[in-house]
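The values are calculated or read from the model by the stated rules, or taken from the named source; none is laboratory data. Small disclaimer: the values here were computed from a predicted structure and weren't measured. Side chains are part of the model used for accessible areas, which takes the heavy atoms of the whole protein and leaves out ligands, DNA and RNA. Shrake-Rupley method; radii C 1.70, N 1.55, O 1.52, S 1.80 Å.
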Amino acid sequence: MLREECERRQVRFALCGGLAMAAYGLGRTTFDVDLVIEAAAQDEMIDLLERRGYETLHRSAGFSNHRHGDPRWGNVDLVWVRGDTAAALFAGARRLPGPGPRPWPVVSPEHLAAMKLHALAHDPTRFEDWGDLRYLLALEGVDRERIRREFARRGWEQRYEELLAGG
């Protein structure tokens with residue numbers, strides 16, 4: 001539903017989170033859809049979700065999450081981006097298999113790693129993200145130097161080296 005609305009309104013979006021990890025080959029159980037969407041569409045997309053029965057649980061300039069009363073519809077987490085971040089993220093998105101028959105725009109492994117590091121900085125209990133980062137670092141063709149710089153920005157160089165070594 002969100003995909004179709006974004007496409008119809010020409011709003012840039014891409015998969016991130018667990019479904020993006022699955023698109024890169026690491027399947028894991030996920031009970032929500034995570035999308036990154038350009039921030040200019042925030043009001044209209046949240047309004048659309050609420051009209052479709054979703055409750056907005058949290059909303060800020062950079063993130064919102066939504067839950068439907070019918071568990072079959074699941075949860076939706078949205079990351080809102082603008083400016084240079086949006087330009088770089090959407091330019092680097094790849095078209096990969098995802099939910100449904102058509103390919104989806106999926107954030108690059110490097111952007112996905114940066115998003116996971118950001119989430120870990122705000123919630124260190126997200127242990128599964130360390131495994132996701134190890135997986136992303138092992139992908140063929142990934143820009144490890146770019147990801148290393150994201151670790152360094154947080155003072156996590158040692159953790160980067162441990163993940164590269166398989167720890």
Share of carbon and sulfur in the accessible heavy-atom surface of segment 110-159 [1.4 Å probe, %]: 50
The chain: translational diffusion in µm²/s, Stokes-Einstein, Kirkwood Rh over Cα pairs, 37 °C, 0.692 mPa s: 198
Whole-number accessible area per residue in Å² for segment 1-145, which is evaluated in the context of all protein chains at 1.4 Å: 52
Calculated on alpha-carbon atoms, Rg and Dmax of segment 1-97 in Å: 13.1, 37
Using θ = phi - 60° and Karplus 6.51 cos²θ - 1.76 cosθ + 1.60, couplings along segment 36-47 (whole Hz; Gly, Pro as x): 9, 9, 5, 4, 4, 9, 4, 4, 5, 6, 5, 4
